[in-house]
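All remarks here apply to the structure that follows.
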Amino acid sequence: MVKKLGILTSGGDAPGMNAAIRAVTRVALANGVEVVGIRDGYRGLIERRFKNFSKSDVSDILSRGGTILGSARLPEFKEEEVQNQAVKILNEEKIDALVVIGGDGSYRGALALTKKGINCIGLPGTIDNDIAGTDYTIGFNTALETCVENVDKLRDTSSSHHRCSVVEVMGNRCGDLAVYTAISCGAEIVVTPESGYDELDIIERLRYLGSAVKKNHAIVIISEKITDVEALAKKISQHTDFSGRATVLGHIQRGGSPSPFDRQLASQMGECAVDMLMEGKGGLCICSVDNKIVGVPIEEALSKPKNSRKHLHRLFERLV
Ligand code: ADP
Ligand code: F6P
């Protein structure tokens, strides 16, 4: 029976993490379980940055972006010695279960602690939507809204100046933000890790759109970590009828008030995490599968291949 539950956020922050913190805290307190907020991810755990949470400590955070707990990266947490130290601290503090909100790296830490006797549950908090096993991660929907709002603005100015906007979006080697944005904004070209990068093909397509179709603007959405978008924009200016301009959306994608979708997802997932711990379960991550919130073994989720989104790329090509 869980008596004292710790909660931390780890890795890159995501809108909706606060909604998850609130849900976990309130559902746990309603079950008579004490809640300890741990600041700055696994680093704060090792440095004992703890605060006992009451119901009011999580008031007025549902609509706020970021994470009130702070987030951090602690590469040393991969080392068994550091994990043992964490278990020792948790035992000393009588924290017998942990909810970890983060991405797949954070899940690996949660799995290691579970194997060492502290039941942990992972909640998928990342804008990248790169966790296999769940249809959506907390933060993806809000980040998508940010991308769409900004690309719509870029389309306005591009069409006034016969330009091609090359827009780099985040995703950490997952193309979901890019392909969802491209479909939502009616982009002309999308490039993701799943589609591959063919510069000649991009130039050819833009030449055709500029000279044969006589389009007065074009939008290319490209996932980060694929190519230098400034260099690509220059080549577009040199080899097509369009004047190329690059925009890197950057960290604005991680901020902002979470969308209603993300608030719902975070609240339902937070509730499910506490329910699982109350049932004595650990080593699970909470997933949204076909609109149902379920617990899946972390090992199983991590070993699943990532969805290639072939159907979305096909849809995109049909809509261009
Ligand atoms: P994310 O959780 O968003 O994928 P990271 O990959 O940066 O972000 O991981 C966040 C933190 O999780 C790392 O800084 C580290 O503390 C911990 N972590 C990552 N990989 C592992 C691992 N293999 N074993 C234990 N802990 C890990
Ligand atoms: O995982 C979230 C994410 O924003 C990725 O999309 C991106 O690659 C990375 O984190 C950026 O990390 P940092 O906060 O270190 O700049």
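The values are calculated or read from the model by the stated rules, or taken from the named source; none is laboratory data. Every value quoted in this text rests on a predicted model; they were computed, and no experiment measured them. Heads up, the Cβs are rebuilt from the backbone with ideal geometry, glycines too, and the neighbour counts pull from every protein chain shown. Accessible surface is based on the protein model in full, side chains and every heavy atom, while ligands, DNA and RNA are left aside. Shrake-Rupley method; radii C 1.70, N 1.55, O 1.52, S 1.80 Å.
Here are a few things to note about the model shown:
- Only one of ARG314, ARG263 that is surrounded by fewer than 21 Cβ atoms within 10 Å (Cβ to Cβ) and in a helix (DSSP H, G or I): ARG314
- For the stretch 51-77, the set of residues classified as open to solvent by 60 Å² or more (accessible area, probe 1.4 Å), assigned to a loop (DSSP other than H, G, I, E, B) and within 16 Å of ligand 2 (Cβ to nearest atom) consists of ARG73 only.
- Unmet requirement for GLU168, which otherwise passes all of (1) within 15 Å of ligand 2 (Cβ to nearest atom); (2) open to solvent by 20 Å² or more (accessible area, probe 1.4 Å); (3) under 19 Å from PRO258 (Cα atoms): (3)
- Members of the stretch 24-50 found to be surrounded by fewer than 24 Cβ atoms within 10 Å (Cβ to Cβ) and either in contact (Cβ under 8 Å) with a residue 40 or more places away in the chain or within 16 Å of ligand 2 (Cβ to nearest atom) (or both), listed by number: VAL27, ASN31, VAL33, VAL36, ASP40, ARG43, ILE46, ARG48, PHE50
- Taking the criterion of being open to solvent by 10 Å² or more (accessible area, probe 1.4 Å), part of a loop (DSSP other than H, G, I, E, B) and either among the charged types (D, E, K, R) or within 16 Å of ligand 2 (Cβ to nearest atom) (or both), the residues of the stretch 189-215 that qualify are PRO193, GLU194, ASP198, LYS214, LYS215.
- Tally, over the stretch 85-118, of residues that are closer than 14 Å to ILE298 by Cβ and either within 16 Å of ligand 2 (Cβ to nearest atom) or open to solvent by less than 10 Å² (accessible area, probe 1.4 Å) (or both): 15
- When residues of the stretch 11-23 are limited to those that are touching a Lys or Arg at 6+ places or on another chain (Cβ under 7 Å) and open to solvent by 10 Å² or more (accessible area, probe 1.4 Å), the one farthest from ligand 1 (Cβ to nearest atom): ASP13
- Output for the stretch 157-203, where each listed residue is charged (D, E, K, R), out of contact with any His (no Cβ under 9 Å at 6 or more places or on another chain) and more than 16 Å from ligand 1 (Cβ to nearest atom): GLU168, ASP198, GLU199, ASP201
- Some residue of the stretch 239-259 being surrounded by fewer than 23 Cβ atoms within 10 Å (Cβ to Cβ), within 16 Å of ligand 1 (Cβ to nearest atom) and outside any loop (DSSP other than H, G, I, E, B): yes
- Look at the stretch 62-76: where a residue is over 18 Å from VAL99 (Cβ atoms) and a partner is among the charged types (D, E, K, R) and within 13 Å of ligand 2 (Cβ to nearest atom), sitting 6+ places away or on another chain with Cβ atoms under 9 Å, you get GLY65/ASP13; GLY65/ARG254.
- Just one of the listed residues (ALA72, ALA110, ALA86) is modelled with pLDDT under 95 and within 16 Å of ligand 1 (Cβ to nearest atom), and it is ALA72.
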